[in-house]
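The values are calculated or read from the model by the stated rules, or taken from the named source; none is laboratory data. These numbers were taken from a predicted model, which means no experiment stands behind them. All Cβ positions, even for glycine, are placed from backbone atoms using ideal geometry, and neighbour counts span all protein chains on display.
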Amino acid sequence: MESTYTRALLTVPPVILGRALQPFSCWHALVLTHFDNPLMTGTTGDEGITTGDVIFFLWVCGLTHGEGLAALASDDAITEARAWGGEVEDWDIDEVCSEVHEYLTDYLDFPKFWEKDGEKGKASGIPWFWKLIGTVVANVNGISATEAWDMPINQLAIYRASVAEDNGSDLLSEREAALIAQANAG
């Protein structure tokens, strides 16, 4: 059985359009959200997802946090992304969007919590990727902020879930989560 917990350590990032992607991290989520990339935000303009959106997504996800900070601090970031995109020949946007969706699905598989009496936790005013980083860096010895920004996002979510469980939150077992998903599907 494929497990949320094993997938967090065993997922190998893909190569899409010849670009080797990094494990999807909070760094990627922050940058793509900042630039309103529809592959991250799920919102599209009148023209839908464009080739430029896909190229920028892949360019960002091919960088580590340190590389990305340096690239985005330079005046050449967009030029560099476009130059890489210009090297990519003939591709099907729907096929590549499907590969991107699979990449995100692999890394956005998080532990599930029990909801008590239909209640959800209090909404935070802090963006979720900052919340993951802050909780893990503050509560898990040996993980620096720099390491956390590059860590696969599902690993961070597991560390955060472990901290939450230690502080009284109730996590669903993988079997319980599967049964609930099965009941909701049928």
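Values computed for the structure shown
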read-out: Any pair with Cβ under 8 angstrom, 6 or more apart, that starts in region 66-86 at a residue that is closer than 15 Å to VAL54 by Cα and touching a residue at least 24 places away in the same chain (Cβ under 8 Å) and ends at one that is assigned to a helix (DSSP H, G or I) and aromatic (Phe, Trp, Tyr); value: ALA81/PHE56; ALA81/TRP59; TRP84/TRP59; GLY85/PHE56; GLY85/TRP59
read-out: Search result, residues across region 20-54 that are surrounded by 21 or more Cβ atoms within 10 Å (Cβ to Cβ) and β-branched (Val, Ile, Thr); value: VAL31, VAL54
read-out: Output for region 64-84, where each listed residue is farther than 12 Å from VAL31 by Cβ and surrounded by 16 or more Cβ atoms within 10 Å (Cβ to Cβ); value: TRP84
read-out: Options VAL12, VAL60; residue that is out of contact with any helix residue (DSSP H, G or I) (no Cβ under 6 Å at 6 or more places or on another chain) and among the hydrophobic types (A, V, I, L, M, F, W, C); value: VAL12
read-out: Meets criteria (modelled with pLDDT of 95 or more and under 19 Å from SER98 (Cβ atoms)) for PRO38; value: no
read-out: Residue check for CYS61: touching a His at 6+ places or on another chain (Cβ under 8 Å), at pLDDT 85 or above, buried (at least 16 other Cβ atoms within 10 Å of the Cβ) and closer than 29 Å to THR4 by Cα; value: yes
read-out: Subset of region 52-104 that is among the hydroxyl-bearing types (Ser, Thr, Tyr) and within 20 Å of the chain's Cα centre (by Cα) - its residue that is nearest to VAL12 (Cα to Cα); value: TYR103
read-out: Members of region 104-119 that are under 20 Å from ILE158 (Cβ atoms) and either touching a Ser or Thr at 6+ places or on another chain (Cβ under 9 Å) or at pLDDT below 65 (or both); value: ASP106, TYR107, ASP109, PHE110, PRO111, LYS112, PHE113, TRP114
read-out: Residue check, ALA161 modelled with pLDDT of 75 or more, under 24 Å from THR11 (Cβ atoms) and touching a strand residue (DSSP E or B) at 6+ places or on another chain (Cβ under 7 Å); value: yes
